[in-house]
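The values are calculated or read from the model by the stated rules, or taken from the named source; none is laboratory data. Predicted model, so just to flag it, every value in this text is computed and none were measured. Cβ: placed from backbone, ideal geometry, glycine included. Neighbour counts: every protein chain shown. For the accessible areas, the whole protein counts, side chains as well, though only heavy atoms, and no ligand, DNA or RNA atoms are used. Shrake-Rupley method; radii C 1.70, N 1.55, O 1.52, S 1.80 Å.
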Amino acid sequence: MAWCSHLLPLLAAGQTVQTRPKGNSMIPLIHSGELCTIAPVPKDWIPTKDQIVLCKVVGKLACCAARHIA
């Protein structure tokens, strides 16, 4: 996920950022070029079903709908 790599230090510092990711893997939740706000959350945060989660999975960044997280 090269589109967000440069944002990771800002998120780690506790900042909320905005970006316009490209691609179609998250349609219909996010469309290519749509403005997205990404915010850091506490480790004990539990997402609701209408939220998107950006996380590291086996060392790689992944973006997924919270409803698909077990």
(message) Condition first: within 16 Å of C4 (Cβ to Cβ) and either assigned to a loop (DSSP other than H, G, I, E, B) or among the hydrophobic types (A, V, I, L, M, F, W, C) (or both). Now tell me which residues in region 30-50 satisfy that.
(response) I30, S32, G33, E34, L35, C36, I38, A39, P40, V41
(message) Looking for something assigned to a strand (DSSP E or B), in contact (Cβ under 8 Å) with a residue 60 or more places away in the chain and either open to solvent by 80 Å² or more (accessible area, probe 1.4 Å) or of a type in the set (A, V, I, L, M, F, W, C) (or both) - is there at least one such residue anywhere in region 62-70?
(response) yes
(request) Determine the pairs where a residue that is polar (S, T, N, Q), located within region 17-29, has a partner that is open to solvent by less than 80 Å² (accessible area, probe 1.4 Å) and not in a loop (DSSP other than H, G, I, E, B) with Cβ atoms under 7 Å apart, the partner being 6 or more residues away or on another chain. (result) Q18/C36; T19/W3; T19/C4; T19/C36; T19/I38
(message) Looking at L54, L10 in this structure, which one is without any contact (Cβ under 8 Å) to a residue 24 or more places away in the chain and not in a loop (DSSP other than H, G, I, E, B)?
(response) L10
